[in-house]
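Novice: Have a look at this one.
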Amino acid sequence: MQLTQHPTLLHILQINLNKSKIAHLDLISYIKGKDWDIILIQEPHITNKFNTITTPPNDRPIFPENQGRDDTLVRSISWVSKALKTQSWENINVLGTNNITAIQFKGSYGKITIFNIYNDCNHPRMESML
């Protein structure tokens, strides 16, 4: 796995933005110049006009497989740094939900799968989907 500065470390940031536009834009501003390999976001801000989620230019967005197929809000999105070679990772689709995104890395070290889960704590559906 080709990582930014430390070849044996993944730098991961996890945050719930509570659908806040200000928090979303602050996050994009905050991460500029930082060495985050993966950013896991729950409850991102979704623009009203175009129903899109703003992604920083140095990252690739990973959306849920179910995005856009129904009116359910996307509550989980992951950003993967463009510094990570696309051959080293893949999006793992979790069907039937906009609350989970997953990324799997493969290399000489084996495999590692990272799940980004929005769980509203009112029901065990996300646990059973996993």
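The values are calculated or read from the model by the stated rules, or taken from the named source; none is laboratory data. It should be emphasised that the depicted structure is a prediction, and the values quoted were computed from it without experimental measurement. So basically every Cβ, Gly included, is an ideal-geometry build from the backbone, and we count neighbours across all protein chains shown.
Novice: Among the numbered criteria (1) at pLDDT 90 or above; (2) touching a helix residue (DSSP H, G or I) at 6+ places or on another chain (Cβ under 6 Å), which one does Asn116 miss?
Specialist: Single failed check for Asn116: (2).
Novice: Only one residue in Ile100, Ile41 is of a type in the set (A, V, I, L, M, F, W, C), modelled with pLDDT of 95 or more, in contact with a strand residue (DSSP E or B) (Cβ under 7 Å, 6 or more places away or on another chain) and closer than 22 Å to Ser128 by Cα, so which one is that? Reasoning before the result, please.
Specialist: On the way: Ile100 fails: modelled with pLDDT of 95 or more.
Going through Ile100, Ile41 in turn, the sole match is Ile41.
Novice: Against the definition (modelled with pLDDT of 85 or more, in contact with a strand residue (DSSP E or B) (Cβ under 6 Å, 6 or more places away or on another chain) and of a type in the set (Ser, Thr, Tyr)), how does Thr47 come out, yes or no?
Specialist: no
Residue-by-condition table, conditions (1) of a type outside the set (Ser, Thr, Tyr); (2) modelled with pLDDT under 90; (3) surrounded by 14 or more Cβ atoms within 10 Å (Cβ to Cβ):
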position	(1), (2), (3)
Asp59	yes, no, yes
Ile62	yes, no, yes
Asn66	yes, yes, yes
Thr72	no, yes, yes
Trp79	yes, no, yes
Leu84	yes, no, yes
Trp89	yes, no, yes
Val94	yes, yes, yes
Lys106	yes, no, yes
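Novice: Something else about it: What do you reckon, is Ile31 in contact with a strand residue (DSSP E or B) (Cβ under 6 Å, 6 or more places away or on another chain) and either over 22 Å from Val94 (Cα atoms) or crowded, with 20+ Cβ neighbours inside 10 Å (or both)? It would help to see each step written out before you state the result.
Specialist: Numbers: in contact with a strand residue (DSSP E or B) (Cβ under 6 Å, 6 or more places away or on another chain): no; either over 22 Å from Val94 (Cα atoms) or crowded, with 20+ Cβ neighbours inside 10 Å (or both): yes.
Judged against the criteria, Ile31 is not a match.
Novice: Still on this structure: Might you check whether a residue that is surrounded by 14 or more Cβ atoms within 10 Å (Cβ to Cβ) and modelled with pLDDT of 90 or more occurs anywhere in the stretch 2-12?
Specialist: At the first step, the residues of the stretch 2-12 found to be surrounded by 14 or more Cβ atoms within 10 Å (Cβ to Cβ) are 3-4, 10-11.
Applying the additional criterion that residues be modelled with pLDDT of 90 or more yields 11.
Looking through the stretch 2-12, at least one residue is surrounded by 14 or more Cβ atoms within 10 Å (Cβ to Cβ) and modelled with pLDDT of 90 or more.
Novice: What are the residues in the stretch 91-108 that are farther than 21 Å from Asp120 by Cα and in contact (Cβ under 8 Å) with a residue 12 or more places away in the chain, if any?
Specialist: First, pick out the residues of the stretch 91-108 that are farther than 21 Å from Asp120 by Cα: 91-92, 103-108.
If the condition is that a residue be farther than 21 Å from Asp120 by Cα and in contact (Cβ under 8 Å) with a residue 12 or more places away in the chain, then Asn91, Ile92, Ile103, Gln104, Phe105, Lys106, Gly107 are the ones that fit.
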